[in-house]
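Some notes on the structure that comes next.
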Amino acid sequence: MRKKRVDPALVLWSAAIVLFAGAFFLGRATLRGPLLETQRTAPGSTAQDEWRSRVEEKAATAAEKSARVCLNTAAKEELLALPGVGEKTAERILAYRDTYGKFVTVEQLLDVEGIGEGLLEQLRPYVYVEESE
């Protein structure tokens, strides 16, 4: 029996039709709509403003924490940089810490001679006590 020979042009045309049909149906499927809808926002929109404010808030919190002074580890120079704290007050804070041990709360500053409610409220944003200390 004799083998039938397949025309190469016929094979190429068949492959081209199959590829074209596949591409056509895939293309139509994507025209129906994306599987995941995204919302485009213009610069200055509400969503973008909310995102920006959250990022800025986190950055500000981190910056505040790094700019604050821990009462239990602060050196005299760090205490002198605090508002309302001079040489005498810084020395008294260090003496209190040496005498009574580490601060447990920021409010303990009231026990330091020369620090009253007003100065404590002024210092509160700039000082902290680590909970693990």
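Some notes on this structure:
- Working note: Karplus 6.51/-1.76/1.60 with θ = phi - 60° gives segment 115-130 the couplings 10, x, 4, x, 5, 4, 5, 5, 7, 3, x, 10, 10, 8, 10, 5 Hz, where Gly and Pro are set to x.
- Summarising the amide proton neighbourhood of V127: residues at separation of 5 or more, or on other chains, whose placed amide H is nearer than 5 Å comprise V69.
- Distance from the Cα centroid of segment 10-29 to that of segment 99-133 is 78 Å (rounded to whole angstrom).
- For segment 68-128, the square roots a ≥ b ≥ c of the C-alpha gyration tensor eigenvalues yield an a/c under 1.5, which makes the shape rounded.
- Listing I115, I93 from fewest to most neighbouring C-beta atoms within 10 Å gives I115, I93.
- With R₀ fixed at 22 Å, the C-beta to C-beta distance from A67 to E121 puts the FRET efficiency at about 0.75.
- When each of the peptides 17-27, 79-89 is scored by the mean number of other C-beta atoms lying within 10 Å of its residues, the order from highest to lowest reads 79-89, 17-27.
- Residue-wise HN-Hα coupling along segment 99-109, computed from phi with Karplus coefficients 6.51, -1.76, 1.60 (Hz; x: Gly, Pro): 7, 9, x, 5, 6, 9, 9, 5, 4, 4, 4
Read the figures in this text as sums done on the coordinates, not as results from a lab. What you see is a predicted model, and the numbers here were worked out from it, not measured in a lab. Quick reminder, even Gly has a Cβ in these numbers, built from the backbone with ideal geometry, and neighbours come from all protein chains shown.
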